[in-house]
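Asker: Questions regarding the structure given below will be posed in turn.
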Amino acid sequence: MTRISFIQFRSILAIVVLASFLISCTTQATSRYWGQTKAPTEQVMRYVSGSEPESLDPQVPTGQPEARVLMAFYDGLVEYHPKTMDPIPAIAESWEPSPDGTEYTFHLRKNAKFSNGEPITAKDFVYTFRRALSPELAAQNAYLSYYIKYAEAYNSGKSFVRDTSGKFLLVKDLEEKKQTPEAEKSATPTIEPNNPVENPAKTEKIQADSNKPSVVETEFHKMINEPERVTVPGDEKSRTALLEKNPKLKAALEGKELVPVKGEDIGVEAVDDYTFRMKLIQPAPFFIGLLGHQFFRVVHGATVEKFGKDWTRPQNIVTSGAFKLSVHKPYDEIIAVKDPNYWDAANVRLERIEFYPLEEQTTMMNLYKAGAVDATYNHTVPAGWKSNVKQYENEYLNFAEVSIEYYTIAVNKPPMNNVKIRNAFSQAVNREALATFRKNALNPLIDFTPEGAFPKYEEIRKRVYDELLKKDGMTREQWQSQAFNPKRACEIFEEQGYKVREKREDGRCVLETDPSVKGAFPVAEVEILYNTSESNKSVAEFIQAQWKQNLGLTLPLKNQEWKTFLKVRKEVDYKGFGRAGWVGDYIDPFTFLNLFYGKTNDSSTGWHKPEYDKMLDDANKELDPDKRYEMLARAEYFLMKDQPVIPFLTQETNWIKKPYIKGFYPNPGTLHPWKFVYIEQDPNKWDTQVKNIMKNQDPWVEEQISRLMKTQEDFQKSRQAQETNTAKTE
């Protein structure tokens with residue numbers, strides 16, 4: 001049978017779509033699904049994945065479209081849980097942390113293989129991590145691994161400092177104030193060099209293991225556990241600039257040689273073929289969850305070295321995931337077929353996945369309706385179509401995403417350097433109305449972490465907030481009223497000395513803006529900055545109208561092209577407000593709260609509080625998950641009381657799938673571990689109540705997850721038994 005390419009099919013579709021639409025109009029009233037809904041007879045998934053991937057090299061691309069595809073081809077130490085995106089065992093069947101949380105030892109499966117049949121060992125992970133961080137590769141996602149000791153130094157081309165006796169200059173030799181690194185960055189990540197956290201707090205309860213791991217001592221292990229070495233920029237210009245700002249460091253470098261940091265220096269080690277060890281520069285309880293990211297998934301070094309940039313071509317590529325590459329026709333299709341060499345192939349049900357790179361919403365929805373594709377990626381159901389959601393309510397997956405929309409505030413420039421004024425502007429925006437206007441957002445926000453993405457954290461945060469609010473003499477209702485309270489906003493302006501020209505019966509007001517009048521609000525010193533796009537413009541106009549309606553202020557709008565906007569906002573070279581959004585790199589609230597950490601943080605606000613930094617540092621030293629969440633909640637409360645940003649909305653997943661596609665969930669990152677996905681031919685077992693899909697149990701999927709988790713659970717029990725026996729002997 002001759003196979004029609006997807007490009008040809010889309011052309012044919014233009015001819016038949018009208019006919020299928022007319023037919024569907026006559027059957028829609030009796031159908032509970034939207035469009036052609038018949039399960040394929042084979043285990044073949046047809047998925048619209050987004051734009052054409054930048055690369056099939058897992059360490060190179062940064063976007064979601066690539067991540068969706070790469071998850072099929074590459075496996076890592078851990079995999080995402082299909083519902084929660086929590087880490088579950090993958091090539092690492094178990095792992096154990098050190099008591100201080102700065103070291104992890106991973107125990108690898110002995111049956112893991114690449115698609116060419118060669119075994120996957122700890123040395124392959126060492127190669128992958130070193131390659132991913134190499135300055136030559138210049139991977140944009142390299143910052144994700146900066147918690148690994150010397151990772152940032154190697155990636156940035158830095159050097160150690162060594163004297164003639166072979167002794168390295170240490171951080172403690174300079175007696176610098178210790179700080180934790182600024183690790184998670186967006187556009188231009190940096191990490192404050194050589195500032196480790198010493199003596200992290202120890203707790204009796206340790207995430208993933210509550211016992212001391214056995215330590216295999218090696219020469220590398222001795223070296224990587226030595227006190228932190230000083231590193232300086234490798235290029236002379238940057239180094240000179242640093243030394244001019246730091247006379248003490250400059251003096252310490254005199255008469256010493258510079259030794260470039262090499263890949264062999266970063267904190268990853270193959271203890272043996274099936275034991276991989278990782279050393280962090282500080283406790284980072286979220287880091288295991290981050291390892292599911294494609295950046296950390298293992299590649300076949302011999303293939304990469306042999307073919308160079310051409311190693312991902314179909315005729316050359318060697319993969320490590322549940323599927324291997326069969327066909328790649330750029331801008332047309334990528335076909336993945338089940339890999340019989342995969343370590344868990346017996347439990348992979350899909351035989352083939354057909355990825356279709358497509359971005360035009362109406363086209364993909366028509367393809368879906370015609371039965372040509374089985375599912376689309378996130379943010380794909382057009383706003384206009386959502387008004388008819390009843391037509392496909394059994395297929396529409398609209399849940400909270402690990403993503404928010406907000407405005408930054410230039411907090412160091414008057415009048416926005418007044419926290420009460422910042423709070424007043426926040427209370428003068430109707431977030432419910434904004435959500436209705438946007439049509440693609442959920443859950444109005446007054447905090448900075450997205451609602452619905454971190455259920456356990458939100459549960460703990462509510463309890464912590466109640467305690468803190470009571471201490472501050474507030475009720476939860478008063479706190480939540482800050483989401484929209486124009487009357488109180490007007491009162492705040494008046495309390496801060498600004499003249500109210502008119503008070504309205506509904507509580508709204510008109511502030512005086514004539515600069516010749518005493519107490520006039522300096523409207524010329526506040527503007528709304530956004531990057532050029534119709535969507536951003538419409539939101540800016542909405543916010544502008546809100547402040548006009550509720551405060552009588554008309555703030556000027558200012559738009560800039562993306563690159564200019566990023567630079568201006570990052571340097572806080574604006575006045576008033578700047579448009580922003582953030583998508584979490586991993587499923588932990590720290591990926592949001594960390595934006596405000598350190599003097600050179602990525603908040604684009606100019607806001608920095610040492611006490612906030614300490615709250616985050618202390619939280620990440622705490623290895624008990626619940627206690628850590630409590631500490632993060634206190635930090636978030638501290639942050640939002642000072643209002644350096646105005647959160648607006650949690651983004652929604654907003655996509656659609658056929659009911660016969662099972663094991664395919666609207667998790668917070670809309671990233672799907674394909675090994676859990678399958679086609680269900682029996683209509684009685686289809687997903688029909690998608691509003692409850694995250695609560696409903698799929699027996700087969702749950703069985704697979706339990707099977708995988710058992711290796712880690714058994715390992716923990718074994719370690720606990722050993723510890724108990726040791727204690728009895730002592």
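Computed from the coordinates by the stated procedures, all read-outs in this text should not be read as laboratory data. All values reported here derive from a predicted model rather than from experimental measurement. Every residue, glycine among them, receives a Cβ derived from its backbone with ideal geometry; neighbour counts consider all protein chains shown.
Asker: With the convex hull built on the Cα atoms of the stretch 80-123, state its orientation-averaged projected area in nm².
Answerer: Mean orientational projected area (the stretch 80-123, Cα hull): 4.3 nm².
Asker: Taking 0.36 nm per intervening residue step and subtracting the Cα-Cα distance, what contour gain separates K420 from E244 on full extension?
Answerer: This chain segment gains 59.4 nm when fully extended.
Asker: Distance in nm between label sites at E257 and K691, each 7 Å beyond Cα in the beta-carbon direction?
Answerer: Spacing of the two 7 Å Cα→Cβ label points: 7.2 nm.
Asker: For each pair in K575/K614; K675/K717; K599/K675; K456/K662; K38/K309, compute the distance between the two Cα atoms and list the pairs where it is over 31 Å.
Answerer: K599/K675; K38/K309, as the Cα separations exceed 31 Å there.
Asker: OK, next. From the alpha carbon gyration tensor of the stretch 120-172, can you work out the equivalent ellipsoid semi-axes (sqrt of 5 times each eigenvalue) and give them in Å, largest to smallest?
Answerer: Each semi-axis is √(5λ); the values are 25, 14, 10 Å.
Asker: Taking Rh as the Kirkwood radius computed over C-alpha pairs, what is the Stokes-Einstein D of the stretch 545-680 at 4 °C in a medium of viscosity 1.567 mPa s, expressed in µm² per second?
Answerer: Estimated diffusion coefficient is 71 µm²/s.
Asker: Quick one: what are the phi-derived ³J(HN,Hα) couplings along the stretch 236-246, Karplus 6.51/-1.76/1.60 with θ = phi - 60°, whole Hz, x for glycine and proline?
Answerer: My calculation for the stretch 236-246 gives 4, 4, 5, 5, 4, 4, 5, 5, 5, 7, 10 Hz in order.
Asker: What lysines sit close enough to K471 to cross-link, taking a C-alpha to C-alpha distance under 16 Å and skipping anything fewer than 8 places away on the same chain?
Answerer: Straight-line reach from K471, under 16 Å: K462, K641.
Asker: Output wanted: per-residue J couplings in Hz (rounded whole) for the stretch 270-285, from phi through Karplus 6.51 cos²θ - 1.76 cosθ + 1.60, θ = phi - 60°, x for Gly and Pro.
Answerer: Calculated HN-Hα couplings, in order: 8, 5, 8, 4, 10, 10, 10, 10, 10, 10, 9, 8, 6, x, 9, x Hz.
Asker: Sticking with this one: What's the FRET efficiency of D273 with T362 using the Cβ-Cβ distance as r and R₀ = 45 Å, to the nearest 0.05?
Answerer: Efficiency computed from Cβ-Cβ geometry: 0.30.
Asker: Amide H of V268: which non-local residues (sequence gap of 5 or more, or other chain) have their own amide H closer than 5 Å, using H built in the peptide plane?
Answerer: Hits under the 5 Å cutoff: K279.
Asker: Step through the residues of the stretch 148-154 one at a time and calculate ³J(HN,Hα) from phi using the Karplus curve (6.51 cos²θ - 1.76 cosθ + 1.60, θ = phi - 60°), rounding each to whole Hz and writing x for Gly and Pro.
Answerer: Couplings: 6, 4, 6, 5, 5, 4, 5 Hz.
Asker: Counting only the backbone N, which residues of the stretch 96-130 are under 14 Å from the spot 7 Å out from the Cα of K627 toward its beta-carbon?
Answerer: Zone members listed by number: 99-101.
Asker: May I pose another question? Neighbour counts of other C-beta atoms within 10 Å: give me T532, T605 arranged from fewest to most.
Answerer: So the ranking, lowest neighbour count to highest, is T532, T605.
Asker: Also, I was wondering about something else. With each label point set 7 Å from Cα along the Cα-Cβ vector, what nm distance links K499 and V583?
Answerer: 4.9
Asker: Take V298, V690 and order them by how many other Cβ atoms sit within 10 Å, fewest up front.
Answerer: V690, V298
Asker: So, one more: For the chain, what D do you get in µm² per second when you plug the Kirkwood radius from alpha-carbon pairs into Stokes-Einstein at 4 °C and 1.567 mPa s?
Answerer: Here the translational diffusion coefficient equals 46 µm²/s.
Asker: Only counting other Cβ atoms within 10 Å, I'd like M45, M694 sorted with the fewest neighbours first.
Answerer: With the fewest neighbours first, M45, M694 line up as M694, M45.
Asker: Assuming 0.36 nm per residue, please report the length gained on full extension of the stretch E226 to F307 beyond their Cα-Cα distance.
Answerer: 25.4 nm
Asker: With a ≥ b ≥ c the root eigenvalues of the C-alpha gyration tensor of the stretch 381-420, is it rounded (a/c under 1.5), prolate (a/b larger than b/c) or oblate?
Answerer: Judged from the Cα gyration tensor, the stretch 381-420 comes out prolate (a/c at least 1.5, a/b above b/c).
Asker: Compute the distance from the alpha-carbon center of the stretch 291-353 to that of the stretch 383-409, in whole Å.
Answerer: 32
Asker: Determine Rg/Rh for the stretch 275-362; Rg is computed over alpha-carbon atoms and Rh is the Kirkwood hydrodynamic estimate from the same atoms.
Answerer: 1.04
Asker: Run a plain Debye calculation on the stretch 626-683 (Cα atoms as equal point scatterers, no solvent) and give log10 I(q)/I(0) at q = 0.15, 0.20 Å⁻¹, rounded to two decimals, same order as the q list.
Answerer: Listed by q, the Debye log ratios stand at -0.71, -0.85.
Asker: Of all trypsin sites (Lys or Arg not before Pro) in the stretch 628-706, which ones are in loop regions per DSSP and have a Cβ with at most 13 other Cβ atoms within 10 Å?
Answerer: Here the trypsin sites (Lys or Arg not before Pro) that fit, given the DSSP loop and packing criteria, are K695.
Asker: I've got another one for you. Per the helix-only calculation at 222 nm, which mean residue ellipticity applies to the chain, given -39500 (n - 2.57) for every DSSP H run of n ≥ 4 and division by its residues, nearest 500 deg cm²/dmol?
Answerer: -10000 deg cm²/dmol
Asker: Over the stretch 348-439, what portion of Cα pair distances is larger than 22 Å, expressed as a whole percent?
Answerer: Taking all Cα-Cα pairs of the stretch 348-439, the fraction more than 22 Å apart is 53 percent.
Asker: Another question, then. Quick one: give the max-minus-min coordinate of the C-alpha atoms of the stretch 526-608 along each principal axis, largest first, in Å.
Answerer: 37, 25, 25
Asker: State the extension gain, in nm to one decimal, for the chain segment bounded by K123 and D573, taking 0.36 nm per residue of separation less the distance between their alpha-carbons.
Answerer: Here the answer is 157.4 nm.
Asker: May I pose another question? Given just the C-alpha atoms of the stretch 405-652, how large is their convex hull per residue in cubic angstrom?
Answerer: Cα-based convex hull of the stretch 405-652, divided per residue, equals 126 Å³.
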